[in-house]
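The values are calculated or read from the model by the stated rules, or taken from the named source; none is laboratory data. Quantities reported herein were computed from a predicted structural model and do not represent experimental measurements. Virtual Cβ from ideal backbone geometry, glycine too; neighbours counted across all protein chains shown. Remember, those area values only see protein heavy atoms, side chains included, never the ligands or the DNA or RNA. Shrake-Rupley method; radii C 1.70, N 1.55, O 1.52, S 1.80 Å.
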Amino acid sequence: MDWFWKLLKNYGKEWDKWILTKIKGPSFLKELTEKELNDLAKDIRQFIIESVSQTGGHLSSNLGIVELTIALHYVFNFTWR
């Protein structure tokens, strides 16, 4: 996860206020309100857009799966390894 923090620090934005940086495991999602879940999806999409704009790669498939991934982790109990 060190790459994640290095990438965020390169942005020079208020990344420390993103919900994305506060996740400690899948159970964290169950504590969020619907608005916070939407904010999390927004943070993840922003992270993807900024990452891909610097490194290149496919964008649309990554953006399309954000809400699905959040919903799966919210509904089901996946293990964190």
S60 versus D39, label points 7 Å from Cα toward the beta carbon: distance in nm? 3.1
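Return the carbon/sulfur percentage of the accessible area of the stretch 24-71, one whole number, probe 1.4 Å, all protein chains in place. It would help to have the intermediate numbers written out before the result.
Numbers: 1780 of 3060 Å².
Summing carbon and sulfur atoms, their accessible area is 58 percent of the total for the stretch 24-71.
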Once ligands and nucleic acids are excluded and a 1.4 Å probe is used, how much of K30 is accessible, expressed in Å² to the nearest 10? 80
Give the Rg (one decimal place) followed by the Dmax (whole number) of the stretch 36-81, computed from C-alpha coordinates and expressed in Å. 11.9, 34
Ignoring everything but the protein chains, give the 1.4 Å probe accessible area of L68 in square angstrom, nearest 10. 90
Can you send over the solvent-accessible area of I44, 1.4 Å probe, protein chains only, in Å² to the nearest 10? 40
